[in-house]
1. As I understand it, the dipole of the range 21-242 uses +1 on the Cβ of Lys and Arg and -1 on the Cβ of Asp and Glu, about the Cα centre. Which of 198, 146, 105 lies farthest toward its positive end?
2. What does the charge dipole of the chain about its Cα centre add up to, to the nearest 20 debye, if the Cβ of each Lys and Arg holds +1 and the Cβ of each Asp and Glu holds -1?
3. From the backbone phi of the range 31-38, what are the Karplus-calculated ³J(HN,Hα) couplings (6.51 cos²θ - 1.76 cosθ + 1.60, θ = phi - 60°) in whole Hz, Gly and Pro given as x?
4. Please give the residues of the range 77-115, grouped as numeric ranges, whose backbone N is less than 17 Å from a label point set 7 Å along the Cα-to-Cβ vector of residue 32.
5. Please get the size of the charge dipole for the range 155-228, origin at its Cα centre, with Cβ charges of +1 on Lys and Arg and -1 on Asp and Glu, quoted in debye to the nearest 20.
6. Separation between the residue 226 and residue 113 pseudo-spin-labels, each 7 Å from Cα along Cα→Cβ, expressed in nm?
7. Name the long-range amide H neighbours of residue 67: under 5 Å, sequence gap of 5 or more, or other chain; modelled H, no Pro or chain starts.
8. Apply the Karplus parameterisation 6.51 cos²θ - 1.76 cosθ + 1.60, with θ equal to phi minus 60°, to every residue of the range 110-127 and state each ³J(HN,Hα) to the nearest whole Hz, in sequence, with x for glycine and proline.
Amino acid sequence: MLTRTDIETNMLPADGSPPVRWRISDGLIPYEAAIVEMEREVAAIASGEADELVWLLEHPPLYTAGTSADESDLIEPNRFPVFAAGRGGEYTYHGPGQRVVYVMLDLKRRRQDVRAYVAALEDVIIRTLDKMNVRGERREDRVGVWVRRPEKPLLADGGMAEDKIAALGIRLRKWVSFHGLSINVDPDLSHFSGIVPCGISAYGVTSLVDLGLPVTVGDVDVFLREAFEEVFGPATSDVVTVPETVV
């Protein structure tokens, strides 16, 4: 079986497909409201009533549990609200300074291949980081994107320390994707201590600012869109900013 590194990540749409809508929301969007909106959009995309959508937002501090979450990995259950996400994966944290990207694509127009889709999302993250001169890497036994930390102490097995900079968690319904990815730009990294992120305790968590890059979420959005279009094709030329009250 091919590794995710070897999988072809080109997920361009079929000829004649309209560009993907690219939505950016200001403020902190409540998780429950985001899920309601995402469910509405996914249903419309699946029925052919709406074009595909990528939605960029930030949440207030919270934890989400994926379908594989182990309750023992929720170390501080009363620290922040905890939501069952319905996506794949385990526990993760969302909060200010983290760019959350909900990706709602009709894979019937692209490739009906879940592994290729996950690898393509990882590729978008890696390309985004590369545009900021940060080397992100895949690990076959760990979903997400990782950065090496040679300045940190070696691991117990003698390996180089690595930190997670971006997480993935997806779900498909009628071959329409939802949920998506998150990139740590400048979140409060101490907030991750209330969980075992993605069920992995041997590695840490980092952010772009933690790595020394003086960037904002808005800066990252520019590179993120460029990377997305390289892998998935064109997005709408007009960025629609949706205030929290609309959601």
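Here, each number is a calculation from the coordinates, and none is a lab measurement. Everything numeric in this text was worked out from a predicted model, so none of it was measured. Note that we place each Cβ from the backbone using ideal geometry, even for glycine, and neighbour counts take in every protein chain shown.
1. The one lying farthest along the dipole's positive direction is 105.
2. 420 debye
3. After applying 6.51 cos²θ - 1.76 cosθ + 1.60, I find 4, 4, 5, 5, 5, 4, 5, 5 Hz.
4. Of the residues in the range 77-115, 80-86 have backbone N under 17 Å from the label point off residue 32.
5. Dipole about the Cα centre, nearest 20: 580 debye.
6. 2.7 nm
7. 86, 87, 88, 89
8. 10, 9, 7, 9, 5, 4, 5, 5, 4, 4, 5, 4, 4, 4, 4, 5, 4, 5
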